[in-house]
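The values are calculated or read from the model by the stated rules, or taken from the named source; none is laboratory data. Everything quoted here is computed from the prediction, not taken from an experiment. No Cβ is skipped: glycine too gets one built from the backbone with ideal geometry, and neighbour counts run over all protein chains shown.
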Amino acid sequence: MSYWLFKTEPDTFSIDTLKQQKVSCWEGVRNYQARNMLRDEVSVGDEVLIYHSSCKHVGVVGIATVVRACYPDHTQFEPQSGYFDPKATPEIPRWFMVDVAYQRHLPLIKLAEMKQNPALVEMPLVKKGNRLSVMPVTTAQWQAILAMAGE
DNA sequence: GCCAACGTTGGC
DNA sequence: GCCAACGTTGGC
């Protein structure tokens, strides 16, 4: 079982939306490094930190569980979608997604606080200029983050 | 809204 | 294959 961190912009899709839906596909990942992890490594049963980006309170807000491993992201075939990719075809899909199930909220763990935690300095998230939207989390990092949430 | 960092595109 | 131009991400 592995740990991950997934970023989402809450104005588009927040952890509250995920809670309402209970299970959701995680569409719209359009970065090759992130895609490769979704496609090759993210597995059913893995646990995921949900992170809110590009908003007032940036940070980790909760936990989800992977309930379906990678399959083609249907939005890449939909011209009306903001995630449309004209170079992708159903025969040769370019982008993939997984399904996640809501597990629980955590009290907001702010990015600024995570940057102060020595246990997290190796996380891509806290490094300058990072833009990865799907990243691995080590067991030690996972435990350090939950400890910041008071667990 | 600003801007640094980074990824992608395309000419050569 | 190089690299300048451009677009996007994302914190602040």
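Remarks
- Residue check, A:ARG39 without any contact (Cβ under 8 Å) to a residue 60 or more places away in the chain, more than 25 Å from A:GLY129 (Cα to Cα) and among the basic types (Lys, Arg): no
- A:GLU113 vs. criteria at pLDDT below 95 and acidic (Asp, Glu): no
- Residues in the range A:83-104 include at least one that is among the small types (Gly, Ala, Ser) and in a strand (DSSP E or B).
- Any hit, the range A:102-116, residues being surrounded by 14 or more Cβ atoms within 10 Å (Cβ to Cβ), within 17 Å of the chain's Cα centre (by Cα) and either more than 24 Å from A:LYS56 (Cα to Cα) or among the aromatic types (Phe, Trp, Tyr) (or both): yes
- In the set A:SER24, A:SER43, A:SER14, only one residue is closer than 20 Å to A:TRP95 by Cβ, buried (at least 17 other Cβ atoms within 10 Å of the Cβ), hydroxyl-bearing (Ser, Thr, Tyr) and more than 16 Å from DNA strand B (Cβ to nearest atom); that residue is A:SER24.
- A:GLN80 vs. criteria within 24 Å of A:PRO124 (Cβ to Cβ) and either surrounded by fewer than 20 Cβ atoms within 10 Å (Cβ to Cβ) or in contact with a helix residue (DSSP H, G or I) (Cβ under 7 Å, 6 or more places away or on another chain) (or both): no
- Residues located in the range A:73-92, provided they are β-branched (Val, Ile, Thr) and at pLDDT 90 or above: A:THR75
- Within the range A:17-30, the residues that satisfy the criterion of being over 13 Å from A:GLN76 (Cβ atoms) and touching a residue at least 60 places away in the same chain (Cβ under 8 Å) are A:LEU18, A:LYS19, A:GLN21, A:LYS22, A:VAL23, A:SER24, A:TRP26.
- Evaluated against (1) more than 12 Å from DNA strand C (Cβ to nearest atom); (2) acidic (Asp, Glu); (3) in contact with a helix residue (DSSP H, G or I) (Cβ under 9 Å, 6 or more places away or on another chain), A:GLU91 falls short on exactly one condition, (3).
- Residue count, the range A:15-57 (criterion: under 20 Å from A:PRO136 (Cβ atoms) and in a loop (DSSP other than H, G, I, E, B)): 12
- Hey, A:TYR83 away from DNA strand B (no atom under 16 Å from the Cβ), among the hydroxyl-bearing types (Ser, Thr, Tyr) and either in contact (Cβ under 8 Å) with a residue 12 or more places away in the chain or at negative phi (or both) or not: no
- Residue that is nearest to DNA strand C (Cβ to nearest atom) [pool: residues in the range A:124-144 that are assigned to a helix (DSSP H, G or I) and under 25 Å from A:TRP95 (Cβ atoms)]: A:LEU125
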